[in-house]
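Some notes on the structure that comes next.
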């Protein structure tokens, strides 16, 4: 039995090679892998002994040779294939262990130019992997160090069955596909947001306890991204609590995106992917108290997120209510000890929140395909006053806060805000005026003196009139309705200051 070992990630390769030698396998290798095996005292031959041809072009060409690929691709069940090998003085190769140049890791480093990136595009490795995977009934292909020990154990028992060979081949093709996806992404022009052909590379982080409902199975995958990104939910480290579910991750992701949108200390409470509480305050514990006051009934069993480390004072406040999970950049030691008293409370830590850039595309699954769009960023849009009364400085501050909050609420979205705290919100209603009514009901008497944000324009004046009766003093909305003049007139009649942004923030 003959094997070629040529790996970039040398984790476990020496022990694997040593195990193969003990089973009588003849090992051939190249470059750094060969040197590592020699230094470990594992007998190994150079690939040039197979090819009778030296490495050329600074190592660019070493395994790209008929003696290598004929030995891999020859079908052992076809006598003509074997006779051709014998005629040419070539030998069969029965195992290929290869993983590829660290392309993604290379381009992630600062200052890496195109030349260095191109030098880290593997050619011979993918070619050997594909050849071995194509001929998997006769050739064992290994791309993951995690498979070294299982392969050795099965070989020591005599043979690796077809089912396992097929699994290894599938894994090999996926390894190459993921690698090629990263290269294609890197080479794509920056201004080409929606290429004609597009692949997405994903790696499984772990299985989940269940999906949206307990009878659904689920897993969590991370996108193998190119370039700097915002801190994402995939970077979270679970410090404590039960296993995460599908819905937990959806809510944690929504919560994280919200607090990342605010520079001052911010706390949000998420329930069913909507913020039922949100507040900013220099005192984090006070920010939490104000967020909880937004809807203390709905908050029960929700998700808490903070854009600052959780201190003891904040933890003591959080501890008074039952939550499913908390996510934050970190936890003070005494805060962590306090929160860990609740066995099932999931505690996730992110480290410092990195700004980075937004994800390139946002994908939504539909039957038979995906919708793709760029992310909805919240730039500081220009506010255009359209009413006789302009907002006061305090109202303008709250309007900007409300506008950011509305972006994260399911459309039709209405939010009421006062003193940088969410008082009530209406979400996901087919009618915008229904969302206004729900937001006012949630806020109750606190709505008096509040400001309102609407994620899209008011199609009629009824929403503004209802807000006025509830005590709203200022409104921010995109504008653009054919009835804008009617809506503005209603605001003027009630002394409401209204500003247009010209930008909509639907979240379906």
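The values are calculated or read from the model by the stated rules, or taken from the named source; none is laboratory data. Source: prediction; values computed, not measured. Cβ sites come from the backbone with ideal geometry, for glycine too, and all protein chains shown count toward neighbours.
Taking segment 1-45 as the range and being within 23 Å of residue 120 (Cβ to Cβ), surrounded by fewer than 18 Cβ atoms within 10 Å (Cβ to Cβ) and touching a helix residue (DSSP H, G or I) at 6+ places or on another chain (Cβ under 6 Å) as the test, the residues that pass are 10, 11, 12. Does segment 382-394 contain at least one residue that is loosely packed, with under 13 Cβ neighbours inside 10 Å and within 30 Å of residue 191 (Cβ to Cβ)? For segment 382-394, residues loosely packed, with under 13 Cβ neighbours inside 10 Å and within 30 Å of residue 191 (Cβ to Cβ): present. Would you be able to say whether some residue in segment 17-25 is assigned by TED's automatic domain parsing to the domain that holds residue 145, within 23 Å of residue 105 (Cβ to Cβ) and within 37 Å of the chain's Cα centre (by Cα)? Checked segment 17-25: no residue is assigned by TED's automatic domain parsing to the domain that holds residue 145, within 23 Å of residue 105 (Cβ to Cβ) and within 37 Å of the chain's Cα centre (by Cα).
Across segment 237-248, not a single residue is classified as touching a strand residue (DSSP E or B) at 6+ places or on another chain (Cβ under 9 Å), surrounded by 15 or more Cβ atoms within 10 Å (Cβ to Cβ), free of Cβ contacts under 8 Å to residues at least 60 places away in the same chain and part of a loop (DSSP other than H, G, I, E, B).
From the set of residues in segment 284-308 that are out of contact with any strand residue (DSSP E or B) (no Cβ under 6 Å at 6 or more places or on another chain) and touching a residue at least 24 places away in the same chain (Cβ under 8 Å), which is surrounded by the fewest Cβ atoms within 10 Å (Cβ to Cβ)? Here the answer is 301.
Looking only at segment 249-273, filter to residues that are touching a strand residue (DSSP E or B) at 6+ places or on another chain (Cβ under 7 Å) and part of a loop (DSSP other than H, G, I, E, B); which one of those is nearest to residue 283 (Cα to Cα)?
Only one residue fits best here, namely 265.
In segment 343-360, of all residues being touching a strand residue (DSSP E or B) at 6+ places or on another chain (Cβ under 9 Å), assigned to a loop (DSSP other than H, G, I, E, B) and buried (at least 16 other Cβ atoms within 10 Å of the Cβ), the one that is modelled with the lowest pLDDT corresponds to 350. Before we move on, is residue 67 part of a helix (DSSP H, G or I), surrounded by 15 or more Cβ atoms within 10 Å (Cβ to Cβ), at pLDDT below 85 and in the same structural domain as residue 152 (by TED's automatic domain parsing)? So residue 67 fails the test.
So, in segment 38-55, of the ones that are farther than 16 Å from residue 2 by Cα and under 41 Å from the mean Cα position of the chain (by Cα), which residue ends up modelled with the lowest pLDDT?
Among them, the one singled out is 55.
Considering only residues in segment 145-199 that are outside any helix (DSSP H, G or I) and touching a helix residue (DSSP H, G or I) at 6+ places or on another chain (Cβ under 7 Å), the one that is surrounded by the fewest Cβ atoms within 10 Å (Cβ to Cβ) turns out to be 199. The single condition from (1) assigned to a helix (DSSP H, G or I); (2) surrounded by fewer than 14 Cβ atoms within 10 Å (Cβ to Cβ) that residue 77 fails is (1). Collect the residues in segment 402-442 that are more than 16 Å from residue 274 (Cα to Cα) and touching a residue at least 24 places away in the same chain (Cβ under 8 Å), keeping them in residue-number order. Within segment 402-442, 418, 419, 420, 432, 433, 437, 440 meet the criteria. Within segment 203-222, being surrounded by 13 or more Cβ atoms within 10 Å (Cβ to Cβ) and within 22 Å of residue 371 (Cβ to Cβ) holds for 211, 218, 220, 221, 222. Of all residues in segment 71-98, those that are free of Cβ contacts under 8 Å to residues at least 60 places away in the same chain have Cβ atoms under 6 Å from Cβ atoms of residues that are buried (at least 16 other Cβ atoms within 10 Å of the Cβ) and assigned to a loop (DSSP other than H, G, I, E, B), 6 or more apart or on another chain, in 81/74; 85/74.
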